[in-house]
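The values are calculated or read from the model by the stated rules, or taken from the named source; none is laboratory data. These figures come from a predicted structure and were not determined experimentally. Every residue, glycine as well, gets a Cβ built from its backbone with ideal geometry; the counts of neighbours run over all protein chains shown.
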């Protein structure tokens, strides 16, 4: 399909670096011109060496899975004639030791809360089926070893 990239830029500046007390803050640049402040997670490297206001790789991992799932879900819902008014996902990832004893993102739970409107509203079974299909099609979920769970927020039929 194609290649995708991101630019990651960190510069030492006036920091000593060899004392291991350097800032982990860096810049992430994407092809559309978006630029984000990146850093190590404050859970991994303490503040002030990490910047708690910046995005860390673990958050980006969770966000990539949630965003990919959402984009597939929206496409599937539109294809099936359901009108989505809002899609919100409070996704969360768990960092723990994997079977080999290495630190890894061992589980990501997607919690999509989807609001529909219009003449034709999907049933809970149809919503579950769309989430199942979105998960099966998601390029990011298909690219990782992590168990990716999807537990949608339930609304009355």
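Restricting 38, 93 to those that are more than 14 Å from the chain's Cα centre (by Cα) and at pLDDT 95 or above reduces the list to 38. Of all residues in region 133-157, those being over 17 Å from residue 105 (Cβ atoms), without any contact (Cβ under 8 Å) to a residue 12 or more places away in the chain and assigned to a helix (DSSP H, G or I) number 1.
For region 68-83, check the following and say yes or no: at least one residue is closer than 30 Å to residue 127 by Cβ, exposed (fewer than 15 other Cβ atoms within 10 Å of the Cβ), within 15 Å of the chain's Cα centre (by Cα) and touching a residue at least 24 places away in the same chain (Cβ under 8 Å). No, region 68-83 has no match at all. If the condition is being over 13 Å from residue 87 (Cβ atoms) and in contact with a helix residue (DSSP H, G or I) (Cβ under 6 Å, 6 or more places away or on another chain), then region 111-134 contributes only 133. Residues in region 103-128 that are within 21 Å of the chain's Cα centre (by Cα) and free of Cβ contacts under 8 Å to residues at least 24 places away in the same chain: 103 alone.
Summed over region 1-25, residues that are surrounded by 13 or more Cβ atoms within 10 Å (Cβ to Cβ) and in contact (Cβ under 8 Å) with a residue 24 or more places away in the chain total 4. Remark: pairs (first residue in region 34-47, in contact (Cβ under 8 Å) with a residue 24 or more places away in the chain; second residue assigned to a strand (DSSP E or B); Cβ separation under 6 Å; 6+ apart in sequence or on different chains) = 38/26; 38/28; 38/55.
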